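Asks: One structure, pasted below without further comment.
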Amino acid sequence: MQSAIPCSLMRGGTSKGLFFLANNLPDDPAARDNILLAAMGSPDDRQIDGVGGAHPLTSKVAIVKASTHPEADVDYLFLQVSVDKPLVSDSQNCGNMLAGVGPFAIDQGLIKASQGKTKVRIHMVNTGGIAVAEVQTPDGRVEYGGAARIDGVPGNAAPVLLEFLDIAGSSCGQLLPTGNLIDHIDGLEVTCIDNGMPVVLIRAKDLGKTGYESPKELEDDEQLKQVIENIRLKLGKAMNLGDVSQKTVPKISLIAEPQNNGTITTRTFIPHRVHEAIGVLGAASVATACILPGTVTESLARIKPDNSIHLIDVEHPTGFFSVEIELDKSSPQAEIKRVALLRTARLLMRGEVLIPEDLKQNIK
Ligand code: NQM
C-alpha cells in the first residue's frame, strides 16, 4: 500500500509542477520535503520514479492555503525540488508557477469566482510581496482555454494577468543589493538587481560569448559554467543572500543587443541549467535594469523614449517576454510603482500522488 496525497499537476507559464493544498502535507518542513522528493522522483537525473520532468523548470511545487495576510486571499509557498540532489529549496519565488495559483485556488474552492474575471490576491510567502492575478471565470468557473499566447508554450490559452506592486528588494532587501549600479568582480563589470528575483547581469561578450547561443551550447561549456558559478558564490554574499552554494539564487543573465526588435537579449543560468526562456520575476529584474541609467545594459538595451510606463521586451532563447513597468515620476528616484505581465496556465491532471510506504508516518 502506498499513501495517496491529493494534488493537481499544472502548467504555470513556462514551468510545470504539483500544486497542493497546505493541509494535505505535513507542517514539518523536513517531513514535507521527503514527501516532495519522493513525489517528484528526486534525486535522479531522469526522475524516473516520480512525476518530475527531469529539469528544474518541471520539478516545481506550489503549496496554497487561505491567507491570514490582511491584503491577500491566499498564501503561495514555492518550493524548488532539485532534480539530482536530495534538496528542496524555498530560497526563491517563482512567477511562472504563480500563474497557476489563482486558477488552483478557485478550482479548490478557496476563493469564490466572480462572473467574468476574478482577481486573486496572492501573498508570496517566499519573498513576502503581494501579486494580483486576474483569472478568466466566465460562468463562475475557471476557463483555461483562450486566445493568449506566450513564447515557450505551444498553442494558446486563457490569459492570466499578473500584477506586482512591491517586489523591489524582495529577497535582497533593496533593488540594488550592493548599492551600486555596476560592480566589478573577477575582472568583469556586472549589475546586481532584485526586482522580484535576485539577478546578476553580465555582458555576454565580456565572457567571450555572443549571447545568442542555445541553452545547450552554454550548458556544454564547462569552463564558462565554472566562471559563472564562482561569480555567483561571491556575489551571493554581496547581495545579502549569504552562502548560496545550496540556493537557486541569484540567477545569472548573460545579455546582448536585441536580435528581433526587442529591448535586450538574454540567456539565463537558473543557476546551473540555462533557462529555455526566462523566469517571470527574472524578466522583471532584467527589464528594470534596462530602464535604470548606468547599469551594464546601457550600451546594449534599446529603450524607447522615456515615459512613465515602459514596455520592455526581453528576448530569450524561445522568443520574447514582455514586461510593463510603471514608474512613479513624482518620487525623486522615479520609484517602481507597478510591474505587470501576461502568463497562461493550465490544469493538466487532478488526483493523488502516491508516496512509498516508508514515508507514510509523515503523511497527514
Ligand atoms: O523568475 C525559473 C521559471 C523560473 C522562475 C528560475 C520564475 C521567476 O521559469 O519568476 O518563474 O529562474 O528558476 O519558472
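Asks: Going through Val61, Val101 one at a time, which residue ends up being β-branched (Val, Ile, Thr), within 14 Å of the ligand (Cβ to nearest atom) and assigned to a strand (DSSP E or B)?
Replies: Being β-branched (Val, Ile, Thr), within 14 Å of the ligand (Cβ to nearest atom) and assigned to a strand (DSSP E or B) holds for just one of Val61, Val101, which is Val61.
Asks: Just to be sure I understand the filter: pairs with C-beta atoms under 6 Å, separated by 6 or more residues or on different chains, first member in segment 24-44 and under 11 Å from Pro86 (Cβ atoms), second member open to solvent by 20 Å² or more (accessible area, probe 1.4 Å) and of a type in the set (D, E, K, R). Which pairs pass?
Replies: Pro43/Asp84; Pro43/Lys85
Asks: Also, I was wondering about something else. So which residues in segment 32-58 are on the phi < 0 side of the Ramachandran plot, away from the ligand (no atom under 14 Å from the Cβ), among the small types (Gly, Ala, Ser) and open to solvent by 10 Å² or more (accessible area, probe 1.4 Å), if there are any at all?
Replies: Result: Ala38, Ser42, Gly50.
Asks: Follow-up question, since we're still on this one. Checking the structure you have, find out if any residue of segment 106-118 is in contact with a strand residue (DSSP E or B) (Cβ under 6 Å, 6 or more places away or on another chain), within 16 Å of the ligand (Cβ to nearest atom) and touching a residue at least 40 places away in the same chain (Cβ under 8 Å).
Replies: There is no residue in segment 106-118 that is in contact with a strand residue (DSSP E or B) (Cβ under 6 Å, 6 or more places away or on another chain), within 16 Å of the ligand (Cβ to nearest atom) and touching a residue at least 40 places away in the same chain (Cβ under 8 Å).
Here's the yes/no breakdown for (1) buried (at least 20 other Cβ atoms within 10 Å of the Cβ); (2) among the polar types (S, T, N, Q); (3) more than 16 Å from the ligand (Cβ to nearest atom); (4) without any contact (Cβ under 8 Å) to a residue 40 or more places away in the chain:
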position	(1), (2), (3), (4)
Phe269	yes, no, no, no
Ile278	yes, no, no, no
Ala283	yes, no, no, no
Ala289	yes, no, no, no
Ile303	no, no, yes, no
Ser308	no, yes, yes, yes
Asp313	yes, no, yes, no
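Asks: Could you list all residues from segment 66-98 that are out of contact with any helix residue (DSSP H, G or I) (no Cβ under 9 Å at 6 or more places or on another chain) and either away from the ligand (no atom under 14 Å from the Cβ) or charged (D, E, K, R) (or both)?
Replies: Ser67, Thr68, His69, Pro70, Glu71, Ala72, Asp84, Lys85
The values are calculated or read from the model by the stated rules, or taken from the named source; none is laboratory data. Small disclaimer: the values here were computed from a predicted structure and weren't measured. Positions of Cβ are generated from backbone atoms using ideal geometry, with glycine treated the same way; all protein chains shown enter the neighbour counts. Heads up: the accessible areas ignore ligands, DNA and RNA and are worked out on the full protein's heavy atoms, side chains in. Shrake-Rupley method; radii C 1.70, N 1.55, O 1.52, S 1.80 Å.
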